[in-house]
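Have a look at the structure below, then the notes.
The values are calculated or read from the model by the stated rules, or taken from the named source; none is laboratory data. Keep in mind that what you see is a predicted model, and the values were worked out from it rather than measured. Cβ coordinates were reconstructed from backbone atoms using ideal geometry, including for glycine residues, and neighbour counts include every protein chain displayed.
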Amino acid sequence: MALDAETFDALIDMIQRFVAEKLRPREAEVAESDDVPADLVAGMKEMGLFGLSIAPEYGGLGLSMLEEIKVAIELGKTSPAMRSTFGTNVGIGSQGLVMAGTPEQKAQWLPRIATGDIITSFALTEPDIGSDSANVKTRAVRDGNQWKLTGTKRYITNADRASLFTVMVRTGEEGARGVSAFLVPADSPGLTIGAPEKKMGQQGAHVCDVNFDNVPVPPENMLGAEGEGFKVAMRVLDRGRLHIAAVCVGAAERLIADSVAYANERIQGGKPIAQHQLIQGMIADMKTECLAAKALVLQTAAAKDAGEGVVMEAAAAKYFASEMVGRVADKAVQIFGGAGYVADYGIERFYRDVRIFRIYEGTSQIQQLIIARETLKRGG
């Protein structure tokens, strides 16, 4: 379901102003404090950003995939930690429930997720299980009229702020068919959260371990049928990859704009460095790659809205866009020179922030495998 054009244009305009006037001026503050201030979070809630992808019947905006992508591009133009504040509610933390939840589960949780009163988190990765997600070791066993969950999840985004986890656990045989998904409230007995990890970048967006010690979960909290958890996870990740790809495009657009502004101001050899051809060559490469990534992301989002299968295309978008923004960030540092290496301009922070995009939601190498597998399956 899409918004009418006038309403969506008004939403984009509001988000652009929010990014420019409220978020960008506070980027250094967020990085230094490793926290997003409460007044900014309140502003995000007021704008409905926590419910972008949740249907209006549950209090969300119900954006189409293409609309969500356009919003994500705008949000990518500020510190990625800002978007991460509500990112799990929009993406991996809620979409399993949106896609596979029962009417009762949706009615119970989605309205409060859409308002941001509940923060969600997606618990798949484990200490020994990252890309090999079909072989999760966290286990759920039936104990009378409930399930008991035991194990550890690692690098879980927003875990220390979450009220509800979507957790992938093993309930049966080895491999993908033995994985099931559960909705697990954060206040469940036996569930504990580790301290936030110290990270290379994206300060203000927290990742933590989540530990389950015989955590009781009622059977009505299973998401989908038993043994369908891996299938749910892959559907969620396919969608999430498109969103992340769009954020990468937005970050690249921000870096290009900052690089162009600096190149027009910085004087070397008696003229702005923008007039030096080797600087122009870097800007041309940055812009070309960004345009290519944007076209791929928009096209794939439109195809998804049309009901087409986009497993390969979503992987390609995420792979290309995340690698692209890394190259753009590197060139931005080069254009800024020494100023790009110090903290004053924020370029070095973006350089660190965007590095994770090649890792989460599936590493670049996993995307390559998906792209190759799907291409071979389709016969080229």
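Determine whether the stretch 61-74 contains at least one residue that is loosely packed, with under 15 Cβ neighbours inside 10 Å, part of a helix (DSSP H, G or I) and not assigned by TED's automatic domain parsing to the domain that holds R239. Please lay out each step first, then the result.
Just the residues of the stretch 61-74 that are loosely packed, with under 15 Cβ neighbours inside 10 Å, to begin with: none.
No - not one qualifying residue is present in the stretch 61-74.
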Original post:
Scanning the stretch 136-186 for residues that are more than 30 Å from A81 (Cα to Cα) and acidic (D, E), which turns out nearest to the chain's Cα centre (by Cα)?
Top reply: E174
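Would you mention how many residues in the stretch 14-37 are of a type in the set (D, E) and in a helix (DSSP H, G or I)? Break it down stepwise before answering.
Going residue by residue through the stretch 14-37, those that are of a type in the set (D, E) are 21, 27, 29, 32, 34-35.
From what's left, in a helix (DSSP H, G or I): 21, 27, 29, 32.
Total satisfying the criteria: 4.
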Original post:
Do we find that V249 is outside the structural domain of G130 (by TED's automatic domain parsing), buried (at least 22 other Cβ atoms within 10 Å of the Cβ), of a type in the set (V, I, T) and closer than 16 Å to P80 by Cβ in this structure?
Top reply: yes
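What strands (runs of 3 or more DSSP E) completely inside the stretch 121-239 contain at least 1 residues that are surrounded by fewer than 18 Cβ atoms within 10 Å (Cβ to Cβ) and hydroxyl-bearing (S, T, Y)? Break it down stepwise before answering.
Working: elements: 139-143, 146-157, 164-170, 179-185, 191-193, 207-217.
Output list reads 146-157, 191-193.
Give me the residue from the stretch 1-38 that is surrounded by fewer than 13 Cβ atoms within 10 Å (Cβ to Cβ), free of Cβ contacts under 8 Å to residues at least 24 places away in the same chain and not acidic (D, E) and, out of that set, nearest to F86 (Cα to Cα).
Residues of the stretch 1-38 surrounded by fewer than 13 Cβ atoms within 10 Å (Cβ to Cβ): 1, 4-7, 9-10, 13, 17, 21, 25, 32-33, 38.
Retained after the next criterion (residues that are free of Cβ contacts under 8 Å to residues at least 24 places away in the same chain): 4-7, 9-10, 13, 17, 21, 25, 38.
Filter once more, keeping what is not acidic (D, E): 5, 7, 10, 17, 25, 38.
Working: A5: 24, T7: 21, A10: 20, R17: 18, P25: 19, A38: 13 Å.
So the residue we want is A38.
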**OP:** Tell me, yes or no, whether the stretch 99-116 has at least one residue that is touching a strand residue (DSSP E or B) at 6+ places or on another chain (Cβ under 7 Å) and under 21 Å from A321 (Cβ atoms).
**Re:** no
**OP:** Could you check how many residues of the stretch 337-358 are touching a residue at least 12 places away in the same chain (Cβ under 8 Å) and surrounded by 17 or more Cβ atoms within 10 Å (Cβ to Cβ)?
**Re:** 12
Subject >> For T88: the one exception among (1) modelled with pLDDT of 95 or more; (2) of a type outside the set (A, V, I, L, M); (3) under 30 Å from Q16 (Cβ atoms); (4) not in a loop (DSSP other than H, G, I, E, B) >> reply: (1)
